[in-house]
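The block underneath contains the structure these notes are about, expressed in structure tokens.
The values are calculated or read from the model by the stated rules, or taken from the named source; none is laboratory data. These numbers were taken from a predicted model, which means no experiment stands behind them. A quick note on method: Cβ atoms are made from the backbone with ideal geometry, for glycine too, and the neighbour counts reach across all protein chains shown. Only protein heavy atoms, including side chains, enter the accessible area calculation; ligands, DNA and RNA are left aside. Shrake-Rupley method; radii C 1.70, N 1.55, O 1.52, S 1.80 Å.
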Amino acid sequence: MMQPRLEWLRGMRYQWEALAHKWNLLVLGYNPERQRDLMNFVGMRDADWRSLTAALFSVLGLLTLALLAWSLKHLTRPDPVQRAWTAFSRKLAEHGVARAPHEGPRDYALRAAGALPGAAWAILRIAALYMQLRYGRRTGARAVAQLRRRVRELHLA
């Protein structure tokens, strides 16, 4: 172990021993005196169970609020293509053709076109454009604007 070519191994052993020593000092050597020192350090001179409980719940409440704020900030908003499809589905649902949870866009469009024959061509065109944008290679702001315009101009009787 003391050979010069294993210098890196000796260094790792020393690091491990230093870590074990820190563990012994900080964790295994934690006693009421060190606890009082910690409480004094955080500003709790005469800490009883009530003040410790209040401090714990305050910290947990603040952490919960922080996590809630962070998660609300990082909520994903639906992209414009999905928003247009949702508006399209809502329009059809208002006329009695609600999309089933298991139903894909092609099946939904075919069923809606059968239920609303006066708007069948427009429904199928909107669904085809949506599928191209969502699952195909067609992208771009012009195509998305075209989808939104077609959904907006869809008039169901």
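Against the conditions (1) under 30 Å from Val42 (Cα atoms); (2) in contact with a Leu (Cβ under 8 Å, 6 or more places away or on another chain); (3) small (Gly, Ala, Ser), where does Gly61 fall short? Just the number, please.
Gly61 satisfies every listed condition except (2).
Considering only residues that are aliphatic (A, V, I, L, M), in a helix (DSSP H, G or I) and open to solvent by 80 Å² or more (accessible area, probe 1.4 Å), which ones fall in the stretch 24-59? Full working, then the answer.
First, pick out the residues of the stretch 24-59 that are aliphatic (A, V, I, L, M): 25-28, 38-39, 42, 44, 47, 52, 54-56, 59.
Keeping just the survivors that are in a helix (DSSP H, G or I) gives 25-28, 38-39, 52, 54-56, 59.
Leu25, Leu26, Leu28, Leu56, Val59 - these are the residues of the stretch 24-59 that are aliphatic (A, V, I, L, M), in a helix (DSSP H, G or I) and open to solvent by 80 Å² or more (accessible area, probe 1.4 Å).
Look at Arg99 and say whether it is part of a loop (DSSP other than H, G, I, E, B), loosely packed, with under 10 Cβ neighbours inside 10 Å and on the phi < 0 side of the Ramachandran plot.
Working: part of a loop (DSSP other than H, G, I, E, B): yes; loosely packed, with under 10 Cβ neighbours inside 10 Å: no; on the phi < 0 side of the Ramachandran plot: yes.
Against the criterion (part of a loop (DSSP other than H, G, I, E, B), loosely packed, with under 10 Cβ neighbours inside 10 Å and on the phi < 0 side of the Ramachandran plot), Arg99 does not qualify.
Could you check, for the stretch 127-144, whether at least one of its residues is surrounded by 14 or more Cβ atoms within 10 Å (Cβ to Cβ), more than 17 Å from Asp79 (Cβ to Cβ) and touching a Leu at 6+ places or on another chain (Cβ under 7 Å)?
Within the stretch 127-144, none of the residues are surrounded by 14 or more Cβ atoms within 10 Å (Cβ to Cβ), more than 17 Å from Asp79 (Cβ to Cβ) and touching a Leu at 6+ places or on another chain (Cβ under 7 Å).
Within the stretch 105-113, is there a residue that is loosely packed, with under 15 Cβ neighbours inside 10 Å and over 25 Å from the mean Cα position of the chain (by Cα)?
For the stretch 105-113, residues loosely packed, with under 15 Cβ neighbours inside 10 Å and over 25 Å from the mean Cα position of the chain (by Cα): present.
Among what's in the stretch 60-96 and is within 30 Å of Pro32 (Cβ to Cβ) and over 19 Å from the mean Cα position of the chain (by Cα), pick the residue that is most open to solvent (accessible area, probe 1.4 Å). Walk me through how you get there before you give the answer.
Taking the stretch 60-96 and keeping what is within 30 Å of Pro32 (Cβ to Cβ), we get 60-63.
The next check asks that each one be over 19 Å from the mean Cα position of the chain (by Cα); those that pass are 60-62.
Values: Leu60: 80, Gly61: 30, Leu62: 119 Å².
The extreme case among them is Leu62.
Filter the stretch 115-126 for residues that are without any contact (Cβ under 8 Å) to a residue 12 or more places away in the chain and open to solvent by 60 Å² or more (accessible area, probe 1.4 Å); which is nearest to Arg83 (Cα to Cα)?
Trp121
Looking for whichever is in a helix (DSSP H, G or I) and touching a Pro at 6+ places or on another chain (Cβ under 8 Å) here; the options are Trp70, Trp85. Which one fits? If you could, list the steps in order and put the result at the bottom.
Details: Trp70 fails: touching a Pro at 6+ places or on another chain (Cβ under 8 Å).
Checking each option against the conditions leaves just Trp85.
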